[in-house]
1. Subtract the Cα-Cα distance of B:ARG130 and B:GLU102 from 0.36 nm times their separation in residues, and report this length gain in nm to one decimal.
2. Provide a whole-number value for the mean count of partner chain Cβ atoms within 10 Å of the Cβ atoms in peptide A:49-58.
3. Ranked by Cβ crowding within 10 angstrom, fewest neighbours first, how are A:TRP183, A:TRP77 ordered?
4. Sorted by packing (mean other beta-carbon atoms within 10 Å per residue), highest first, where do B:172-180, A:128-136 land?
5. Would you kindly state how much longer the chain becomes between B:LEU276 and B:GLN193 on full extension, computed as 0.36 nm times their sequence separation minus their alpha carbon distance, in nm to one decimal?
6. If each residue's Cβ is checked for other Cβ atoms within 10 Å, how do B:MET156, A:MET37 rank with the fewest at the top?
7. What is the dipole size for chain A, taken about its Cα centre, with +1 at each Lys and Arg Cβ and -1 at each Asp and Glu Cβ, in debye to the nearest 20?
8. Looking at the square roots a ≥ b ≥ c of the eigenvalues of the Cα gyration tensor of segment A:12-180, which shape do they give, rounded for a/c under 1.5, prolate if a/b is larger than b/c, or oblate?
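Here, each number is a calculation from the coordinates, and none is a lab measurement. Since the structure is predicted, the reported quantities are computational estimates derived from the model, not experimental observations. No Cβ is skipped: glycine too gets one built from the backbone with ideal geometry, and neighbour counts run over all protein chains shown.
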Amino acid sequence: MEQTEVVKPETLEDLIKILHKIFESDCINVEEVQNIMEAYESNPNEWMKYAMFDQYRYTRNLVDEGNGKFNLMILCWGEGHGSSIHDHTDSHCFMKLLQGQLKETLFEWPEGKSQGDMVQKSQRILQENKVAYINDSIGLHRVENVSHTEGAVSLHLYSPPFDTCQTFDQRTGHKNRVKMTFWSKYGDRTPFETTVSQENN
Amino acid sequence: MENQEGAAAVGDGVLDFSRLSLSTLNVDSISDERKRDTRLLHLNYNRLASLPSSVSLFFNLEFLDISNNGLSAICEGITRLSKLKTLIAKNNRLDEFSLPKEFGCLPLEVLNFSGNRFEEIPLQCVKLPRLQSLSIGGNRLKSIPAEIENLTSLEMLYLGGNLISAIPPEVANLPYLSYLVLCDNRIQSVPPQLTRLHSLRSLSLHNNLLTYLPREILSLVHLQELSLRGNPLVVRFVKEMTYDPPSLLELAGRTIKSRNIPYYPQDLPSNLLRYLDLASKCPNPKCAGVYFDSCVRHIKFVDFCGKYRLPLMHYLCSPECTSPCSSNPQSDAESEDENSVPTDRLQRVLLG
């Protein structure tokens, strides 16, 4: 495997360029991507135009389509907003905190037909600029902004891109496939897409 | 550093004095013109221990942010800001004694006191006639006052992260309420009157002490988001149904009502007439029964949008009064036709 020099991305645009290069190859070095994303120091002036908050729930705002190799998006979490427990449809998922903090709770996949509370594996609070990684073999997770005073903003990279995932009921392990939609794309609000969203949060 | 006028961002009626380590607000160096034209004043992230009365010199102010200071009081002077629409005062040391008496006269539309030390919602706050958005998250509130119903313009009420143990039914009297956040509290039950909140679009109840929900919640037609995680919701069918056998009075009352036996005021003492008026109809539509005091609390598992099993509480006239669709009333895999909600009614159930 080639050793790539860890170049520090100075700006968000820089980071996107570097990611495009890294994802030219079909082989993903998870650590490399995590380090590159972590090395970018969040600068709100660079991402503010994508950070559209909604009063009622968290929003997904597409930033870059990575030449079809990945989706890069910014998620905005108002006070108390959280996601359902979900999987990542066989893709890599990287999540970087750009502002505020997010709580990530990991769960085991529910076993077969068993109908009981899902098993929690671990929980952590992610700090600004930190990058978390997950894929289906690691498990499932729920992400929440538990602050009652501050919003949170996170940068997500999914490779390969996907637009459906499964959501899980914590009390029973029941699962349900849902379609995911974008609140905005490239800084422009995309309302018609959102009204048919079935995402279960 | 007290270099204020120079540090402020210029233009558009915005004065940005945030993050300047200010412990006082000296406005002498600010021109009268500037004072008159300022619409938005940012004083967040400073070291103000109290809101200086000099703020009232910005007499056309519409937006004031005093978050993240050390404020333990808000001065009387603020009530002179006759155009103030938005006040953000997060992360300070304010409590219900910190507000001036005439605070309720301000034309505020947005008020945010999250991250303070309120143990009660002060009466001045529920007097604000134009208030659309009220946030008192992350405080020490033990209850919600019934006077909350006076906020007739309220659309958003954020009370997450407090010590609230009950929701007063008066919350249901807020006709425009569309976002109600009560997560991270100590709430044990939801009053069925909330079904009157026809505008409610999002209800956040996660991390409370709920074991069931009232069946009336199904009538919230515009509800799109409902979060219930972190509640001890009953999962398995409650097999032990406690039932107090009915009294003779109740049995007689039931017979009269269910067989439509006629009675006239001259036949019965007034206390019995009143009692007969209290009959409740058994919610099971296939049962013509009635009950007075003696009923069975029954937790029904309703298939919510075809995805989840939500325990809903309702009353039956007797343990024999079973759900019409099930052959085995003790199964929790049933889904009642009478209770199933069309999928488009509730698009996002924030359980998980």
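1. Values: separation 28, 0.36 × 28 = 10.08 nm, distance 1.49 nm.
Taking 0.36 nm per residue and subtracting the Cα distance, the gain is 8.6 nm.
2. Partner Cβ neighbours, averaged per residue: 3.
3. Ascending number of Cβ neighbours within 10 Å: A:TRP183, A:TRP77.
4. B:172-180, A:128-136
5. Extra length available between B:LEU276 and B:GLN193 comes to 27.5 nm.
6. B:MET156, A:MET37
7. About 640 debye.
8. Details: a/c = 1.83, a/b = 1.29, b/c = 1.42.
Since a/c reaches 1.5 but b/c is at least a/b, the shape of segment A:12-180 is classed as oblate.
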